[in-house]
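Engineer: Mind having a look at this structure? Questions to follow.
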Amino acid sequence: MTIGTDLVHVPAFAAQLAVPGSRFGRVFTAAEQRRAAGHVDRDAHLAGRWAAKEAFIKAWSQALFAHPPAIAADEVDFAEVETVADAWHRPAYRLHGAVAEAAAASLPDGWRAELSISHDGDYAVAQCLLHA
């Protein structure tokens, strides 16, 4: 079992989102962007989802301790680490593409990733618990 945590300063993240051509225009799926558009504070919502993506990568990296990463850090397509929610707004992960393939190949059979996201003031935090 491994854990990954990430903390995002929402105002700084919002400033990066506002930059035309910023990498953050490409890290969220269309579905994530649609869900964020429906929130009162879109930037805080997306900051939490960015923290969730980072937390997953950290937990996955920790699970591979003493072994090379399954995907080089600069090659991770963060849109392939999608955050989804159920009817009660509980968050979860849905992996796609190369990330899904590499995770399946590098983690034990039956692995699962649990997700928690929280917001308070200017900060969003996410934790990912990865276990088999």
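Engineer: Could you work out how far helix 97-106 tilts from the main Cα principal axis of the chain, as a 0 to 90 degree angle to the nearest 10?
Structural biologist: The two axes meet at around 40 degrees.
Engineer: Taking only DSSP H segments of four or more residues, each worth -39500 (n - 2.57), what value at 222 nm results for the chain once the sum is divided by all its residues, to the nearest 500 deg cm²/dmol?
Structural biologist: Details: 4 runs with 48 residues, N = 132.
Dividing the helical sum by the residues of the chain leaves -11500 deg cm²/dmol.
Engineer: Relative to the longest principal axis of the C-alpha atoms of the chain, give the angle of the C-alpha long axis of helix 42-63, reported between 0 and 90° and rounded to the nearest 10°.
Structural biologist: 10 degrees
Engineer: For the chain, build the charge dipole from Cβ charges (+1 Lys, Arg; -1 Asp, Glu) around the Cα centre, then report which of Ala102, Gly21, Phe56 sits farthest towards its positive end.
Structural biologist: Gly21
Engineer: Whole-Hz ³J(HN,Hα) for each residue in region 119-128, computed from phi via Karplus 6.51 cos²θ - 1.76 cosθ + 1.60 with θ = phi - 60°, x for glycine and proline: what do you get?
Structural biologist: Going residue by residue, I get 10, 8, x, 8, 10, 10, 10, 9, 10, 10 Hz, with x marking Gly and Pro.
Engineer: While we're here: Quote the relative contact order of the chain in percent (integer), defining contacts as alpha-carbon pairs under 8 Å separated by 6+ residues.
Structural biologist: About 38 percent, as a whole number.
Engineer: Is there a quick way to get the dipole size of region 2-131? I mean about its Cα centre, with the Cβ of Lys and Arg at +1 and of Asp and Glu at -1; what is the value in debye to the nearest 20?
Structural biologist: The calculated dipole for region 2-131 is roughly 200 debye.
Engineer: Filter the chymotrypsin sites (Phe, Trp or Tyr not before Pro) in region 15-76 to those in DSSP coil with at most 15 other Cβ atoms within 10 Å of their Cβ, and list the result.
Structural biologist: For chymotrypsin sites (Phe, Trp or Tyr not before Pro) across region 15-76 that sit outside H, G, I, E and B with at most 15 neighbouring Cβ atoms in 10 Å, the list reads Phe65.
Engineer: Could I ask something else about it? What are the ³J(HN,Hα) couplings of region 29-40, residue after residue, when phi is run through the Karplus curve with 6.51, -1.76, 1.60 and θ = phi - 60°? Round to Hz, x for glycine and proline.
Structural biologist: So the Karplus estimates, Gly and Pro as x, are 6, 4, 5, 5, 5, 5, 5, 5, 4, x, 9, 4 Hz.
Engineer: Report the trypsin sites (Lys or Arg not before Pro) located in region 1-102 that are in a DSSP loop and have at most 11 other Cβ atoms inside 10 Å of their Cβ, or state none.
Structural biologist: Sparse-neighbourhood loop trypsin sites (Lys or Arg not before Pro): Arg26.
Engineer: Anyone know which of Ala103, Ala66, Ala18 comes out most mobile in the 10 Å Cα GNM of the chain?
Structural biologist: Ala66
Engineer: To the nearest 0.05, what FRET efficiency results for Glu114 and Ala30 with a Förster distance of 25 Å applied to their C-beta separation? It would help to have the intermediate numbers written out before the result.
Structural biologist: Numbers: r = 25 Å, r/R0 = 0.99.
Plugging the Cβ-Cβ distance into 1/(1 + (r/R0)^6) gives 0.50.
Coordinate-derived values only; no laboratory data. The shown structure was predicted, so the numbers you read here are calculated from the model rather than taken from an experiment. Ideal geometry is used to build each Cβ from the backbone, glycine not excepted, and the neighbour counts take in all protein chains shown.
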